[in-house]
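J.: My questions will all concern the structure given below.
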Amino acid sequence: MSLCLDTEQLRILKWRINSKGIAACIGPPGCGKTTTGSALAVKLVAEGITDKLLLVAYTNAAVNEFAWEICNIMGPTAAREYCIRTGNRAGIDCELPIEFSINAERIRAKKIVLCTTLSLKRLSSYMRFDNMIIDEAGIERLEHLLAPFVLGVNQLNAFQTNNRNCNSINNLIDLASSCGIVATVIGDPKQSRPMGLEEYDRSAIEWVLKYGPKDTLKITHRLPDKLSGLVNDFARYDGLRSSPDIASRRLILDKSPNPIYREIIDPEEVVTWLNINGEEKALGQSSWANDIEAKVCAKICRELRYITKKSIAVVTRFSEQRRIITRYVQRSGLLNIKVSTTTGALGTQADIVLFSLVRNNPERIVGQAGTLQDLNVAISRAKEKLIIVGNFDTMLNGWSRLPSNSRYGYKSPSRRLAQLIDSKYGKLINPPSVICE
Amino acid sequence: MSISVRQLYRGLEKTQTHLVQSTEIATASMCQHLFKLSYPYGVSRGERDYLIANAVHDIMSIAIHGPITENWHYKTKQSKEITQKIVRDSSSIIENILKDTKEYASREARKIPETFDQDVRERFEGLVTGVAKKLMKKFEQPNRTFSEITITNPQKHHEGRIDAILEFSNGYGLLDWKSYDIKKANGSGKERWQLISNILLSNYRYTGDEDDWSKFRFASIVYHGGAYMPRLPIQEKHIGKIKEDRLFSYRTLCGEKVYAQKPKFCPVCDTNAEGCSDCRFYRDDARMAFAGQLPDNYRKITGQLFGNRYKVLEERAETHRHKYVASTMIEAYGERTAIDELKKYGIIHTGYKFVSADDTIVLFRKDDDETFLEPKKILRIIGKEENIPLLSCVSEQATVIRVEYCDLILNFRSKATVERAKLQLFDLPLVMIRDEINLTRRMLEPLHKFHRLAADVLIRKECYDDLK
C-alpha cells in the first residue's frame, strides 16, 4: 500500500474511521477529495471496520477516478481482489484493472463496490452496505443522496428507533443516521451547484452540512501560492493554503514567447487578465458566445503549444463558446488541448488554463457566468498559470440576472474576483491589437 | 419576427411543459390513485422483465413493413396458411432479433428464460394469427404502414407511442400488439383506455385535431390468436373520461391540488395486487394528515420529500420544453419559417442524409459543416412527412457519438431500431430536434422509500390501529 496524506487528510481519515452516522467532508480545489475518500475506503476495508462499502459519484468520470486512486493505493492485484466496478458499461474506463460486472453474485462477493448514482437502480434491492462514500455531492440533489442511503438502511435500527422516543429526529439526515446509515459525503458547495433546474435550492452536500457534522480540507496540492490566495479570498474558504512543495511553483517554458505574447504568457505572473472587448452573441436556448475571445484563446493556445509541452486547457461557462473554441482549436491543428465548460472541468486540472468569460454588454449583466461556483471552478484548475480572457469592466461592475419581480439585480461575485486580481493577485493587461484581429 | 426563440424558452419556464403519456392516462383511467402512486409518489410497481415482449414488438415492428403487408389477403378464409407463410417469410427477421436481444440481455446481465426462443416465436405467430384471422378478413391491404411512432400533441399535453398504423386510401387503422402474455385483450381494462388515448393522438396526426374522426377507420388490440376491436363509434363518455383523466394527470404533474377518485373497483387495491400496500399507505397518510394525527417531525420530513418530488417533476417538464418551443413557433409562423428560425439557434438541425449503418451506429452527412451538434446530445430524428404535424411524424431517438465537419455519427438504441428507421424514416427529409432522457421514476423512488422509512420510524403502530 503506497499512500502519502497531509495532516488535514489524516485528521479527516481518523475522524471518519472512529465515527458513525452521516457527515460531510468539504474539499476546496486541489485538496485531494478523491484521495481522501479512496484512502478512507481502503482503510475501512483493510482494518475490517467495514464489511461492504459503496463508493458512489454522479458521473462515470468521477467513479473511474476513484477506482484509479484505489488501485494506486492498494495496488492492482489487491484492487482486483477487493473491488468491483458496476453500472453502465459504456461509462467505464476499459484500462481499469478492476473487474466490471452487473451480476449480483459477483458484486456480492466483493467488499468495495464502485457505481454511479443513476446506476444504483441496477443493484439488487436486497444488497446492503454498512458504509458508503459519496463523491461529487455538490452537484447532486437530495434524491441522489437518498438513492445510495436506501442501500444502507438497517431495518432493525429503524424498528428500535420506533420503539424508543423518536421526537429528536427532525430532519432527513437524522432519520437516515438513526436507521444505521454510515456515510461520508464529499464535495464542495462553492465549486458546484446541483444539476438540473436553476431553482434547486440545496445540493446534497448542503443538506448534510445543514444537519450533520462536517470538516474541511485546507491544503491544496494543485494551486501555487498566488492562486490559492486568490481562490481562498474569492470563495472565502477561511484558510486555504498551498502545500509547501508547490507554493512557489511557476511556469517554465521551453522557448521564449513571441514578443506579442510575452506579457500575456509571462511565467512570473501566475494570473493574467487579458482585457478584451469582444461582442457577446446569444446562441442556443440560453447559451452565449464571443467570437473574438474564442479566436484569441485559439491564438494563445497555438503560441503556448509552440513554446511549451505543458498541458493546456480552455474553460468557459457556456457550451456554445466551448463549441466555437473547439472548432478554432481544431482548425489550428492543435492537439491535446482540452476545451470544457466549467461543469465539465470539475475534477480536472492543467498546467496552463485559459478562461474565456464571454459576457460583455453595456448593462454589464453577467448572469450565470458570474456565479461563485463557476468562477471558482474556472480559476482553480491551473497548476502554474491562469490566463483570463474577457472584458474586465463588465466583470468589475457585473450584475447577476435581474429577478423578474424586481428592478434591482444582485451584485455579481465577478466584482470581487476582478477586484482581487487587479489589486493583489494578478495583472490586468490590454492585448496587442494584432491578437484581436 | 416578434417571438424570439430565447424569449420563448424563458417564458415557458413560468408555464408547465408537462406531457402525459397515453399509458399514464390509461393508468389514471383505471384508478386515479394508481397514477399518483407513480407520480408524484414514485412507487415502482413490478420488477417484471419484458425481454420476450420487447423482442416480439421489435419483430412485429419490422415484419409489418414486409411479410405481413406483402401477404395481406383481403377477406381470406385461409388465415392459417397465410400465418404460416408470414412466419416463414419473417424467419430472418426473427433470427436477427433473437440474436440481438440475447446479446443485449447477456450484456445487461439479465436472465434469459430457457424457453426464450420458443416463447418469442409462439407469441409472434399468435399475433400474426390475430392479424390474419381478424384484420385481413375485414380490411383491405393497407397502402402504407408505420410502426413504433411517437406522437406528441403539445396543445393537449399528450404524448404516446403507437405500435403500428395502417394507412388506407380512405383513412387509417391503429394497432396495438399485446405481446406480454397470451391472454385475450381485456375490453374494459388498461389496454382499451390506452387504445382510445392513442386514437386521439392518431386523429391529431392525420387531421391536426384530436376530435376530428374523419380519417379514423378502426383500432385494434391484436392479441395471441385474435384481435379486440372496440365497438364503433367510440362512446362519447369514454372519450370524455380519457380527456378528464388526461387533465387530472397533467394537473397532478404540475403540482396542483387535485383530489384523486377511487373507482368502484380498482384492479390493484381490490384484488390485493402488487402495489396495493403502497397505495393504502399513501391514502392512510392523507387521512391521518387531514385528521391532524401525524407527528410534527414526520410532517416536516415528508414535507421536504414532497418538495423535492415536485422539483423532480418540474425537471421532467423541462425535458419536453424543446417540443413546446417548436410547437409554439410552428403555430405562430408556420412550419417552414419556424424550422428556419429554430435552426439558427441550434434547436433544430436539418439537411442531414443517411449514408450508411453499421450495427447501431449510423452515419449521416450534409453539404456544409455548420453545426450546433455535440457528442452525447440526444436527438429525436424526425422523417418529415407531407401534411403531418412535425411532432407527429415518424421518428426515432439516437445519441450523438461524433460530429466531424459534414458528418454526423449517431448511436441508435438497437439494431431493430436502425432496421425500422431504414424502412420508414431514412428516405424522408430528416429534421433533428433536441431530446432528453426521462429519469423521473428513478429519481422519485428513493424519495418514496424514505417516506415509508419515515413512517416506520416516526409513526407509532397504534396510530394506524386507531385509523382502522
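J.: Out of all the residues in region A:342-370, which are open to solvent by 20 Å² or more (accessible area, probe 1.4 Å), of a type outside the set (Asp, Glu) and part of a strand (DSSP E or B)?
T.: Within region A:342-370, just A:Ile365 meets the criteria.
J.: Which of the residues belonging to region B:97-109 are in contact (Cβ under 8 Å) with a residue 40 or more places away in the chain and either touching a Cys at 6+ places or on another chain (Cβ under 9 Å) or open to solvent by 70 Å² or more (accessible area, probe 1.4 Å) (or both)?
T.: Of everything in region B:97-109, just one residue is in contact (Cβ under 8 Å) with a residue 40 or more places away in the chain and either touching a Cys at 6+ places or on another chain (Cβ under 9 Å) or open to solvent by 70 Å² or more (accessible area, probe 1.4 Å) (or both), namely B:Tyr104.
J.: Against the definition (in contact with a Gly (Cβ under 7 Å, 6 or more places away or on another chain) and more than 12 Å from every other protein chain (Cβ to nearest Cβ)), how does B:Leu423 come out, yes or no?
T.: Against the criterion (in contact with a Gly (Cβ under 7 Å, 6 or more places away or on another chain) and more than 12 Å from every other protein chain (Cβ to nearest Cβ)), B:Leu423 does not qualify.
J.: Return the residues of region B:100-115 that are within 14 Å of chain A (Cβ to nearest Cβ), among the charged types (D, E, K, R) and part of a helix (DSSP H, G or I); say none if nothing qualifies.
T.: Within region B:100-115, B:Glu103, B:Arg107 meet the criteria.
J.: Further question: Cβ-Cβ under 8 Å, sequence separation 6+ or interchain: first residue in region A:287-300 and without any contact (Cβ under 8 Å) to a residue 60 or more places away in the chain, partner among the small types (Gly, Ala, Ser) and open to solvent by 10 Å² or more (accessible area, probe 1.4 Å). Which pairs?
T.: Close Cβ pairs (under 8 Å, with a partner that is among the small types (Gly, Ala, Ser) and open to solvent by 10 Å² or more (accessible area, probe 1.4 Å)) amount to A:Ser287/A:Ser319; A:Ala298/A:Ser332.
J.: Additional query: From the list A:Leu283, A:Leu274, which residue is in contact (Cβ under 8 Å) with a residue 40 or more places away in the chain and among the hydrophobic types (A, V, I, L, M, F, W, C)?
T.: The conditions single out A:Leu274.
J.: Any chance region A:148-164 includes a residue that's within 12 Å of chain B (Cβ to nearest Cβ), of a type in the set (Ser, Thr, Tyr), surrounded by 19 or more Cβ atoms within 10 Å (Cβ to Cβ) and in contact with a His (Cβ under 7 Å, 6 or more places away or on another chain)?
T.: Within region A:148-164 (the criterion being within 12 Å of chain B (Cβ to nearest Cβ), of a type in the set (Ser, Thr, Tyr), surrounded by 19 or more Cβ atoms within 10 Å (Cβ to Cβ) and in contact with a His (Cβ under 7 Å, 6 or more places away or on another chain)), the answer is no, since none of the residues qualifies.
J.: Of everything in region B:206-225 that's over 20 Å from the mean Cα position of the chain (by Cα) and among the charged types (D, E, K, R), which residue is surrounded by the most Cβ atoms within 10 Å (Cβ to Cβ)?
T.: In this case the residue turns out to be B:Arg217.
J.: Looking at region A:369-396, I want the residues that are of a type in the set (Phe, Trp, Tyr) and have a partner that is part of a helix (DSSP H, G or I) with Cβ atoms under 7 Å, at least 6 apart or on another chain. Which pairs are those?
T.: From region A:369-396, the pairs are A:Phe392/A:Ala418.
J.: Can you name the residue in region A:74-116 that is surrounded by 15 or more Cβ atoms within 10 Å (Cβ to Cβ), among the polar types (S, T, N, Q) and under 21 Å from A:Thr50 (Cα atoms) and, of all such residues, is nearest to the other protein chains (Cβ to nearest Cβ)?
T.: A:Thr86
J.: List the residue pairs whose Cβ atoms are under 9 Å apart, where the first residue sits in region A:256-271 and is free of Cβ contacts under 8 Å to residues at least 12 places away in the same chain, the second is part of a loop (DSSP other than H, G, I, E, B) and not hydroxyl-bearing (Ser, Thr, Tyr), and the two are 6 or more positions apart or on different chains.
T.: A:Pro259/A:Pro432
J.: Here is a further query. For region A:79-177, give me every one of the strands (runs of 3 or more DSSP E) that falls completely inside it and has 2 or more residues that are touching a Ser or Thr at 6+ places or on another chain (Cβ under 7 Å).
T.: Output list reads A:112-116, A:131-134.
J.: Go over the candidates A:Arg241, A:Arg202 one by one and state the one that is more than 16 Å from the chain's Cα centre (by Cα), open to solvent by 50 Å² or more (accessible area, probe 1.4 Å) and more than 14 Å from chain B (Cβ to nearest Cβ).
T.: Testing whether each residue is more than 16 Å from the chain's Cα centre (by Cα), open to solvent by 50 Å² or more (accessible area, probe 1.4 Å) and more than 14 Å from chain B (Cβ to nearest Cβ) leaves just A:Arg241.
J.: Right, next: Given the options B:Ile82, B:Ile59, B:Ile94, B:Ile64, name the one that is touching a residue at least 24 places away in the same chain (Cβ under 8 Å), more than 23 Å from B:Asn143 (Cα to Cα), assigned by TED's automatic domain parsing to the domain that holds B:Ile149 and among the β-branched types (Val, Ile, Thr).
T.: Within the list B:Ile82, B:Ile59, B:Ile94, B:Ile64, the selection yields B:Ile94.
J.: Same structure again: List the number of the failed condition for A:Gly229; all other conditions in (1) open to solvent by less than 10 Å² (accessible area, probe 1.4 Å); (2) in the same structural domain as A:Thr272 (by TED's automatic domain parsing); (3) in contact with a strand residue (DSSP E or B) (Cβ under 9 Å, 6 or more places away or on another chain) hold.
T.: (1)
J.: How many residues does region A:165-193 hold that are at pLDDT below 80 and more than 9 Å from chain B (Cβ to nearest Cβ)?
T.: So the count comes out to 1.
J.: Can I ask one more? Can you pull out the helices (runs of 4 or more DSSP H) entirely within region B:376-468 that have at least 1 residues that are surrounded by 18 or more Cβ atoms within 10 Å (Cβ to Cβ) and touching a residue at least 40 places away in the same chain (Cβ under 8 Å)?
T.: Correct list: B:415-424, B:440-458.
J.: Something else now. Please specify each residue of region A:63-111 satisfying the condition of being under 21 Å from A:Gly187 (Cβ atoms) and modelled with pLDDT under 90.
T.: Once the filter is applied, which keeps residues that are under 21 Å from A:Gly187 (Cβ atoms) and modelled with pLDDT under 90, region A:63-111 yields A:Gly87, A:Gly91.
J.: At least 3 residues that are away from every other protein chain (no Cβ under 13 Å) in each: list the strands (runs of 3 or more DSSP E) lying fully within region B:284-369 that qualify.
T.: So the answer is B:353-358, B:361-365.
J.: Tell me which residues, restricted to region B:203-250, are among the hydroxyl-bearing types (Ser, Thr, Tyr) and farther than 30 Å from B:Glu314 by Cβ.
T.: B:Tyr206, B:Thr207, B:Ser214, B:Ser220, B:Tyr223, B:Tyr228
J.: If I filter region B:461-468 for residues that are aliphatic (A, V, I, L, M), more than 12 Å from every other protein chain (Cβ to nearest Cβ), farther than 30 Å from B:Glu386 by Cβ and in contact with a helix residue (DSSP H, G or I) (Cβ under 9 Å, 6 or more places away or on another chain), do I get at least one hit?
T.: The answer is yes; a qualifying residue exists.
The values are calculated or read from the model by the stated rules, or taken from the named source; none is laboratory data. It should be emphasised that the depicted structure is a prediction, and the values quoted were computed from it without experimental measurement. Cβ atoms come from the backbone with ideal geometry, glycine included; neighbour counts cover every protein chain shown. Just the protein is used for accessible areas: all its heavy atoms, side chains included, with ligands, DNA and RNA removed. Shrake-Rupley method; radii C 1.70, N 1.55, O 1.52, S 1.80 Å.
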